[in-house]
Amino acid sequence: MALLQISEPGQSPDPHQRRIAVGIDLGTTHSLVAAVRNGSAECLPDEQGRVILPSAVRYMVDERGQTRRHIGFEALAAQAEDSQNTIVSVKRFMGRRLADLPDAGRLPYQFEDQPGMVAVKTVAGVKSPVEVSAEILASLRQRAEDTFNDDLFGAVITVPAYFDDAQRQATKDAAQMAGLNVLRLLNEPTAAAIAYGLDNGAEGLYAIYDLGGGTFDISLLQLSRGVFEVVATGGDSALGGDDFDHLLADAALADAKMEAVTPQDKRTVLVAARRTKEKLSTDGSAHLSCALSTGMLSVKLTRERLAELAKPLIDKSLASVKRVLRDAKVKPDEVKGVVMVGGSTRMPAVRDAVGAFFGQPPLTDLNPDEVVALGAAIQANQLAGNNAQGELLLLDVLPLSLGLETMGGLVERIIPRNTPIPCALAQDFTTFKDGQTALAVHVVQGEREQVEFCRSLARFELRGIPPMAAGAARIRVSFQVDADGLLSVSAKEQLSGVEASVVIKPSYGLTDDQVAHMLREGFTTAAADMKDRALREARVEAERMLEATRTALAADGDLLSAEDRTRIDGLMAQIGQRCDRGDITALEASIKALADGTEAFAAERMNRSIRQALAGRKLDQV
Ligand code: ADP
Ligand code: MG
């Protein structure tokens with residue numbers, strides 16, 4: 001992710017050759033692969049026409065001692081009989097140590113804590129979560145290659161917004177192991193927003209409500225200039241559709257005055273409850289029927305009944321939403337749009353509650369199980385350079401802000417980080433001193449407020465500015481980053497037209513680690529930086545005041561009485577002393593004192609210059 005090395009030489013896309021790029025939703029319970037075909041994104045089905053692949057891998061050893069494995073539905077079918085070797089929900093182990101898994105004791109696996117990440121002992125050997133995920137990814141890669149009868153160019157793989165570096169790295173490693181070229185890891189909520197085309201819509205805040213089988217995630221995204229930034233995330237890792245199944249099963253058993261005692265009965269009634277629950281999303285009522293060891297269970301249930309049962313859990317999810325909004329200091333009505341993700345958001349009760357909370361109907365047009373994969377496919381297609389309509393191709397975003405050094409060693413940010421490229425932004429500057437004819441332009445990169453903590457990219461000088469009073473010159477500095485990531489900076493004095501510029505070459509890129517380091521440093525030092533910035537700004541202001549007063553004294557000092565002159569000299573000296581100390585308040589007070597103390601003098605000067613201007617002229621000439 002080097003700033004200025006977005007496309008490698010010789011890798012620029014050939015416009016005539018379509019590259020096959022897919023989006024993969026590597027989910028906790030289900031995984032999907034999608035691609036843009038004939039202009040729209042769609043999920044790719046397996047040979048049986050199913051788009052969903054259960055995220056389950058079963059390891060086996062056959063009679064000849066050969067290691068074998070089943071992936072997806074086949075693995076899932078054996079989960080009960082061979083739970084030790086059938087790994088499900090492996091996503092929860094990615095990049096985690098044993099100590100990070102509070103419920104490890106209740107899982108049917110034999111864990112082994114390996115350096116960096118927990119692993120699972122199976123009949124086929126110790127399997128790391130990376131390896132297990134790679135099996136799932138390889139299976140989806142195969143499906144895509146079979147569909148297109150061609151090799152894949154690359155894939156965008158989605159991860160939860162809250163995934164940390166270790167979890168993201170583990171996901172990348174799994175993809176590499178599966179032979180996939182990772183174009184980018186994409187946050188799941190961002191993928192959902194892209195699937196709805198929100199990145200082409202109005203800038204603002206969007207909420208992504210993701211209620212799956214076992215987890216609930218809420219993310220708040222900010223869209224600006226076509227790029228989403230995760231503002232806040234929250235949720236509940238133990239809240240999902242499974243909980244509704246339990247409630248419905250218990251209600252049916254209570255109605256029929258029956259009990260599910262054996263593990264088999266418990267599983268059977270849950271499966272039936274899930275089926276009934278899903279039916280109630282489209283029908284007003286449905287029968288929960290199944291054969292238990294104690295007899296037939298058959299109970300009629302209504303959508304209202306389910307809504308009543310589910311209400312406390314839905315309210316619980318909304319409490320998480322409230323928390324996230326509060327943390328981000330956002331009111332529900334400030335959210336521009338709400339995207340529904342996850343199978344459980346098909347429930348009308350969930351849709352109604354979310355709609356009522358935000359005061360607007362949530363977006364539900366796309367299949368909530370597929371929406372993440374679809375968004376990833378759209379992004380993959382863009383990254384592969386297959387955009388047919390020639391719309392702005394979002395190659396990448398600036399990983400670090402670009403700016404200029406201003407007086408006092410401060411950084412003025414011109415292009416903030418995460419701005420998509422290509423981009424161009426300009427800002428006007430002016431001269432600091434009377435008669436100043438040259439301006440030094442220092443281009444820096446980084447998130448800190450002080451120049452010395454940012455990375456210096458280039459320096460150049462704008463010369464030949466016509467001598468003018470301080471502040472009269474208009475110098476426009478423009479930053480432009482082209483689609484190849486080349487930065488050019490130019491400075492032009494608007495009145496005279498004098499101009500200077502510099503092009504910064506790609507070799508100035510940073511490694512991912514350097515970028516990460518600079519970002520971290522920028523975040524952790526932000527508060528201290530702001531204070532330091534305020535002090536430096538006060539010093540610049542003090543310097544400007546002193547300079548202006550000195551000029552005025554040199555020109556019109558004769559207007560002052562001896563005692564006024566002494567008083568002003570005293571005020572100037574005080575600023576000089578306070579500049580050297582770190583007390584902003586005192587410095588600002590003495591700047592104000594000088595401004596107030598020279599007010600009468602300034603008025604006198606005005607009068608004199610008006611008198612001079614009018615001297616020798618008739619009134620009607622004025
Ligand atoms: P995850 O993100 O956890 O992998 P999904 O997004 O695939 O899970 O959601 C699975 C959950 O969605 C299950 O609890 C399932 O019962 C529920 N679900 C699927 N379809 C419906 C439906 N039509 N009505 C209600 N719930 C549904
Ligand atoms: Mg999901």
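The values are calculated or read from the model by the stated rules, or taken from the named source; none is laboratory data. In this text the structure is predicted, and so the values were computed from the model without any measurement. Here the Cβ is made from the backbone with ideal geometry for all residues, glycine too, and neighbour counts use every protein chain on show.
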Please indicate, with yes or no, whether at least one residue in the stretch 325-342 is assigned to a helix (DSSP H, G or I), out of contact with any Asp or Glu (no Cβ under 9 Å at 6 or more places or on another chain) and either farther than 20 Å from Thr190 by Cα or within 16 Å of ligand 2 (Cβ to nearest atom) (or both).
yes
Residue check: is Arg64 at pLDDT 90 or above, away from ligand 1 (no atom under 16 Å from the Cβ), in the same structural domain as Ala144 (by TED's automatic domain parsing) and part of a loop (DSSP other than H, G, I, E, B)?
yes
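Given the stretch 141-216, what strands (runs of 3 or more DSSP E) lie entirely inside it while holding 3 or more residues that are closer than 18 Å to Val22 by Cα and in contact (Cβ under 8 Å) with a residue 24 or more places away in the chain?
Filter on the stretch 141-216 gives 154-159, 182-187.
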So for the stretch 241-262 (the condition being on the phi > 0 side of the Ramachandran plot and exposed (fewer than 14 other Cβ atoms within 10 Å of the Cβ)), does at least one residue qualify?
yes
Which count do you get for residues in the stretch 17-44 that are of a type outside the set (Asp, Glu) and within 16 Å of ligand 1 (Cβ to nearest atom)?
12
In this structure, is Arg106 of a type in the set (D, E, K, R), crowded, with 18+ Cβ neighbours inside 10 Å and farther than 14 Å from Val57 by Cβ?
no
Residues that are in the same structural domain as Leu366 (by TED's automatic domain parsing), under 30 Å from Gly204 (Cβ atoms), surrounded by fewer than 14 Cβ atoms within 10 Å (Cβ to Cβ) and not charged (D, E, K, R): does the stretch 292-313 have at least one?
no
With the condition kept exactly as written, say whether any residue in the stretch 176-185 is among the hydrophobic types (A, V, I, L, M, F, W, C), modelled with pLDDT of 85 or more and under 24 Å from Arg346 (Cα atoms).
no
Given the structure, is Ala272 buried (at least 23 other Cβ atoms within 10 Å of the Cβ), within 16 Å of ligand 2 (Cβ to nearest atom) and within 24 Å of Val88 (Cβ to Cβ)?
no
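Scanning the stretch 201-216 for residues that are among the aliphatic types (A, V, I, L, M) and over 25 Å from Val271 (Cα atoms), which turns out nearest to ligand 1 (Cβ to nearest atom)?
Ile208
Go through the stretch 186-224 and report how many residues are away from ligand 2 (no atom under 15 Å from the Cβ), small (Gly, Ala, Ser) and either at pLDDT below 95 or over 24 Å from Leu318 (Cα atoms) (or both). Spell out how you get there, then give the answer.
Going through the stretch 186-224, the residues away from ligand 2 (no atom under 15 Å from the Cβ) turn out to be 194, 196-207, 220-224.
When the remaining residues are screened for being small (Gly, Ala, Ser), the result is 197, 201-202, 204, 207, 224.
Restricting the remaining residues to those that are either at pLDDT below 95 or over 24 Å from Leu318 (Cα atoms) (or both) gives 197, 201-202, 204, 224.
Counting residues in the stretch 186-224 that are away from ligand 2 (no atom under 15 Å from the Cβ), small (Gly, Ala, Ser) and either at pLDDT below 95 or over 24 Å from Leu318 (Cα atoms) (or both) gives 5.
When the residues of the stretch 217-238 are narrowed to those that are outside any strand (DSSP E or B) and out of contact with any helix residue (DSSP H, G or I) (no Cβ under 6 Å at 6 or more places or on another chain), which ends up farthest from ligand 1 (Cβ to nearest atom)?
The extreme case among them is Arg225.
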Members of the stretch 175-185 found to be touching a Lys or Arg at 6+ places or on another chain (Cβ under 8 Å) and more than 16 Å from ligand 2 (Cβ to nearest atom), listed by number:
Ala178, Gly179, Leu180, Val182
Yes or no: Glu547 of a type in the set (Asp, Glu), farther than 25 Å from Gln436 by Cα and either assigned to a helix (DSSP H, G or I) or at pLDDT 85 or above (or both)?
no
Would you be able to say whether some residue in the stretch 285-300 is at pLDDT 95 or above and in a helix (DSSP H, G or I)?
no
Kindly indicate whether Ala319 is more than 16 Å from ligand 2 (Cβ to nearest atom), under 30 Å from Glu203 (Cβ atoms) and more than 20 Å from the chain's Cα centre (by Cα).
yes
Go through the stretch 316-344 and report how many residues are of a type in the set (Val, Ile, Thr) and either surrounded by fewer than 16 Cβ atoms within 10 Å (Cβ to Cβ) or within 16 Å of ligand 1 (Cβ to nearest atom) (or both).
2
Only one of Gln79, Gln84, Gln66 that is surrounded by fewer than 16 Cβ atoms within 10 Å (Cβ to Cβ), in contact with a Ser or Thr (Cβ under 9 Å, 6 or more places away or on another chain) and without any contact (Cβ under 8 Å) to a residue 40 or more places away in the chain
Gln84
